[in-house]
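Down below is the structure, laid out as structure tokens.
The values are calculated or read from the model by the stated rules, or taken from the named source; none is laboratory data. Just so it is clear, the model here is predicted, and its values are computed rather than measured. Positions of Cβ are backbone-derived with ideal geometry, glycine not excepted, and every protein chain shown enters the neighbour counts.
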Amino acid sequence: MLGAHTDITSLKRTEEELRQKAEELEEANRKLAETIRGLLPICASCKKIRDEEGVWNSVEAYIRDHSEADFTHGLCPDCTRRLYPGLDEDIL
């Protein structure tokens, strides 16, 4: 009779470490989702948002850093009229 023996102790340890890391990532994602859905400290004047470290960021930067969203910029008709009052209304 011929047999072989393979020690899988390190494999089991690695599997457990991966499971723990996956749980940590799931918890971090849950906390992030709560932050995005929850209340955000925002300046009533400039609209910057205070992050978890106490740093004030633009709304765009905060959302970009905490989600997969990215921004493009334009002007709504109200702001266009306010900023460029002499502009022809037909092109708005």
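If the condition is being among the aliphatic types (A, V, I, L, M), under 30 Å from Glu60 (Cβ atoms) and surrounded by 10 or more Cβ atoms within 10 Å (Cβ to Cβ), then segment 1-47 contributes Leu25, Ala28, Leu32, Ala33, Ile36, Leu40, Ile42.
Within segment 48-62, residues that are outside the structural domain of Lys31 (by TED's automatic domain parsing) have Cβ atoms under 8 Å from residues that are of a type in the set (Ser, Thr, Tyr) and outside any helix (DSSP H, G or I) in these pairs: Lys48/Ser58; Ile49/Ser58, counting only partners at least 6 apart in sequence or on another chain. Selection of segment 65-76 for residues being farther than 14 Å from Ala33 by Cα and surrounded by 10 or more Cβ atoms within 10 Å (Cβ to Cβ) yields Phe71, Leu75. The residues in segment 1-51 that are more than 15 Å from the chain's Cα centre (by Cα) and assigned to a helix (DSSP H, G or I) can be counted, and the count is 16.
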